[in-house]
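Only one structure is covered here, and it is reproduced in the block below.
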Amino acid sequence: MDKIIIEARVNELAARDENPNVPFLPSEIIRDAKACYDEGASIIHYHGRTATGEAEHDAAFYLQTNAGIRAQCPILVHPTLGYVANDADAMGRFAAVEEMMKRPETAPDFAPMDIGSVNVDWWDPENNTYTTTNLVYENSTETLMHFADRIKHHQLKQYLVSWNISFTRQIEAFMKMGVITEPAIVLLCMTDGTSLAGHPGTPEGLDAHTTFLPKDRNVLWSAMNYKGNLLLLTEKVIKAGGHISIGLGDYPYLELGGTPTNADIIAKVVEQARALGREPATVEETREILQMGTPRIAA
Ligand code: ZN
């Protein structure tokens, strides 16, 4: 079977109340990047956070973090554009990436494009009520065109995210327009617990995603479960030839015993993948599989 690409989703906007090992600051993210790389992850995805866990959009955070990761190990870097926490316009949301592209040691390898819009309010399943009522993750077609254009310009890899089938249909449309470069990597977003925005993190939720991937296009897929336990699905993903995006950003993984670190979760996935006949792809192998070029630095 093909090598498996494992991405560490280290923090998102996760709190530390259930698992205190969620990294916030650059030094903590850099430490986790190296630890996850040592266990077999070839990509790190992270969000800027303040010391108290708020979202941090300042470019300086990303410059420091990327340079620190580069100094430690060759893991591929996939920063956020800020998700729903960043309500700037398209140029504003991409501004930190433009800064990152000025020096080779701060340039990322990927930039994300969540190809669609969706309500992402927090659901309280204990009390059957929403705890927020106004969180819309808005990605207009015009905004996505801007991201696609700038990602191509910088010779980064477009990291596509599909929250549901309507996103996947828009990915296919972008492919037909020639806006998305093949091979495309699509992260199939499932959500559970306090998030209803994606497909359920069940075999059926995953099957619905993969059923609608464009069949006549060169598309690879990875799976994640925001606020749910992806380990319940990893065997299916591994056997189906998918890739895996997992970490404390999505879920505290207390089922592993104690309070695991991101590296502990990566080690678990690597062990399972190997037992099922798939070796983790190295950074170089991941670059080959995704046909990644060299970022264009524009000082
Ligand atoms: Zn993220």
Under 5 Å between amide H atoms, partner at least 5 residues away or on a different chain: which partners does Val10 have, H built in plane at 1.01 Å? His45, Gly249
Rg/Rg_ref, segment 75-170, where Rg_ref = 2.2 N^0.38 Å and atoms are Cα: 1.21
Residues of segment 185-226: accessible area per residue with a 1.4 Å probe, Å²: 37 Å²
With a 1.4 Å probe and every protein chain kept in, tell me what percent of the accessible surface of the chain is carbon plus sulfur. 50 percent
Could you compute how much accessible surface Met175 exposes when probed at 1.4 Å, giving the result in Å² to the nearest 10? 10 Å²
For segment 1-68 and segment 230-258, what is the centre-to-centre distance using only Cα atoms, to the nearest Å? 17 Å
Translational diffusion coefficient, Stokes-Einstein: compute it for the chain using the Kirkwood radius over C-alpha pairs as Rh, at 25 °C and 0.890 mPa s, and state it as an integer in µm² s⁻¹. 129 µm²/s
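The values are calculated or read from the model by the stated rules, or taken from the named source; none is laboratory data. Keep in mind that what you see is a predicted model, and the values were worked out from it rather than measured. Heavy atoms of the whole protein, side chains included, go into the accessibility calculation; ligands, DNA and RNA do not. Shrake-Rupley method; radii C 1.70, N 1.55, O 1.52, S 1.80 Å.
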